[in-house]
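The values are calculated or read from the model by the stated rules, or taken from the named source; none is laboratory data. Because the structure is a prediction, the values reported are computed rather than measured. When we count neighbours, we look across all protein chains shown, and the Cβ atoms used for this are built from the backbone with ideal geometry, even at glycine.
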Amino acid sequence: MLTRNVRPAVARGRPVQLPAKARISSTDWILIAAYALVLVAIALSTPLRVPEIVAIAWLREYTWDWFWTWTSRALDPSPVGYFVQLPFVLLFGASRLGPRIPAILFAAASCVLFLKLAARALPARRYAALVLFMLFPLQLLTATATTQNAAATFFVILATIAFFNLAARPGYKTAGLFTLATAACLFTDHHAFLPVCGVMAFLLRFSAGRSERKALWFALGACAAAAGCYAPYYVWVHGQTSPFWPVESGISVTALTKLTGLDALLAAAVVLIIAGIIAGAIVSFRISPEQITRPLMLFCLFGSVVLTLAFLLAISLYTNSPISNRDLLYAVPAAVILFIAALDWLSRSRIASLAATILAWALIVVCALADVHFVLAPKQDLALESRYVAPELTGDSCVVFVSENYSKPMFLVFRPELDARECHEFFHHRIVLASHPGVRPDQQDDAESYFHGLNYREVKRIRSGGGQIVVMEGK
């Protein structure tokens, strides 16, 4: 009689029996292929961003020694993404699609793995979860721009699935696969390790069972082994990051005071998702003891979201810097599953089912509107801006690339002939200041003030592609 109130798997010490692995049907493949084609179309219509151009500029100068030297200077010095992108850069150069092919492939593969994960946690709602994951704005942004973050998202989902396989069948084989997936997360983006730690830490709730304790020890050993492999590399690159590495804007508290209508909708959607995440965790306590597999998955996924968001928020507050949008992406797969799980729980009654359906569709529509806005919004376009530099280099003139180190290589990606017209001394009648879209206002002001101090005056200013070209002549 006493064992009726205890989860059967825990009481008997049996391994957790997770749902059977989902098979990908032909309909699933068609849906994911269509999504990949949409990503290709968006990639073709979107100019290369500043971080992408920096990567292309240095990867084109590839030698084995130089690759490691350059990678250690990157803002996120994890080599897997650059290794994968390297052959595509060498083959396709600075085309819009070529360097983004790996990101698109990783995004499509992430959808396949996400569908498998969702089918195990939400058998009846996996397609709703998949559509929401595909349309999530951060997913679209990453899938069409950054190989590193797209690859890290893929490995996060892979490591999550490997963890649940380890929880179901604790052993050296499943632990070894979990170790490899976790190491791949670290060597792609060390922040991708956070969801893995979260999903493992929250297994402690189920540690009363002998099988769960065994799985937890294997998981701890796997994470320690992966971290041990990554630690020497991290120690080597620590402190080598270039202070001039271009950084895209993230999310900060001050930005919340300047919300547009769409931003307000997205903020409401974020609040809705957070509520769904919390509700999904609560649901894991409300499911009957006979369904131990589902509360285990949901609660561990809740840990994945909580630890990731808590760490990123703590670092942001400590360093007084914005949170990177793409780092938040690593919490999205678990957040989407928890949100859909909460809606699934609400759908038990007719009225609640209608409300859940409205909430789901509202969130999907908001995400779709954000995606459309992203596609149609004006973009940075250094390739377009660079076309305006050469026509201004007439007579006794030269070009100054504003914002040290990475400005010149980026312009030379599109206009290599500018290398011969760079200013090495400032005794020219005409100076052309070329500023890429990542140049900060203070850097631009410093450059212009310097030449004003040398008795130059501004005669023309061309704004294009998010950057600007300032033509100055001696008085």
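Points to keep in mind about this one:
- Residue match in region 142-163 (condition: more than 20 Å from the chain's Cα centre (by Cα), surrounded by 22 or more Cβ atoms within 10 Å (Cβ to Cβ), part of a helix (DSSP H, G or I) and among the aromatic types (Phe, Trp, Tyr)): yes
- Residue satisfying all of: in region 443-475; over 11 Å from VAL402 (Cβ atoms), out of contact with any Leu (no Cβ under 7 Å at 6 or more places or on another chain) and outside any strand (DSSP E or B); modelled with the lowest pLDDT among these: LYS475
- Evaluating ALA377 against the criteria (1) farther than 24 Å from LEU39 by Cβ; (2) free of Cβ contacts under 8 Å to residues at least 40 places away in the same chain; (3) among the small types (Gly, Ala, Ser) leaves one unmet condition, (1).
- Meets criteria (small (Gly, Ala, Ser), out of contact with any Gly (no Cβ under 9 Å at 6 or more places or on another chain) and either without any contact (Cβ under 8 Å) to a residue 24 or more places away in the chain or assigned to a helix (DSSP H, G or I) (or both)) for ALA334: no
Yes/no matrix, rows are residues, columns are (1) in the same structural domain as VAL196 (by TED's automatic domain parsing); (2) crowded, with 20+ Cβ neighbours inside 10 Å; (3) out of contact with any strand residue (DSSP E or B) (no Cβ under 7 Å at 6 or more places or on another chain):
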{"residue": "ILE315", "(1), (2), (3)": "yes, no, yes"}
{"residue": "ILE323", "(1), (2), (3)": "yes, no, no"}
{"residue": "PRO333", "(1), (2), (3)": "yes, yes, yes"}
{"residue": "LEU338", "(1), (2), (3)": "yes, yes, yes"}
{"residue": "ALA355", "(1), (2), (3)": "yes, no, yes"}
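- Check on GLU417, in the same structural domain as LYS460 (by TED's automatic domain parsing) and assigned to a loop (DSSP other than H, G, I, E, B): no
- Residue check for ASP327: buried (at least 17 other Cβ atoms within 10 Å of the Cβ), touching an Asp or Glu at 6+ places or on another chain (Cβ under 9 Å), assigned to a helix (DSSP H, G or I) and of a type in the set (Asp, Glu): yes
- Meets criteria (of a type outside the set (Val, Ile, Thr) and within 17 Å of PRO333 (Cα to Cα)) for ALA215: no
- Hey, ALA383 under 22 Å from ALA94 (Cα atoms) and in a helix (DSSP H, G or I) or not: yes
- Condition check for LEU359: part of a helix (DSSP H, G or I) and either surrounded by 14 or more Cβ atoms within 10 Å (Cβ to Cβ) or at pLDDT 85 or above (or both): yes
- The residue list LEU117, LEU91 contains one member that is surrounded by fewer than 22 Cβ atoms within 10 Å (Cβ to Cβ), outside the structural domain of PHE414 (by TED's automatic domain parsing) and either in contact (Cβ under 8 Å) with a residue 24 or more places away in the chain or part of a helix (DSSP H, G or I) (or both), which is LEU91.
- In the set (1) exposed (fewer than 14 other Cβ atoms within 10 Å of the Cβ); (2) more than 25 Å from PRO137 (Cα to Cα); (3) not β-branched (Val, Ile, Thr), ALA390 fails one condition alone, (1).
- Test: residue in region 85-97 that is within 29 Å of PRO295 (Cα to Cα) and of a type in the set (Phe, Trp, Tyr): no
- Residue list for region 387-404, restricted to those being in contact (Cβ under 8 Å) with a residue 40 or more places away in the chain and not in a loop (DSSP other than H, G, I, E, B): GLU392, VAL400
- Number of the exception - ALA231 against (1) under 23 Å from LEU317 (Cα atoms); (2) modelled with pLDDT of 70 or more: (1)
- Checking PHE285, PHE339, PHE311, PHE302 one by one, the residue that is modelled with pLDDT under 70, touching a helix residue (DSSP H, G or I) at 6+ places or on another chain (Cβ under 8 Å) and in a helix (DSSP H, G or I) is PHE285 and no other.
- Condition check for PHE426: part of a loop (DSSP other than H, G, I, E, B), modelled with pLDDT under 90 and not aliphatic (A, V, I, L, M): yes
- When ASP381 is tested against (1) closer than 30 Å to HIS424 by Cβ; (2) touching a Lys or Arg at 6+ places or on another chain (Cβ under 8 Å), only condition (2) is not met.
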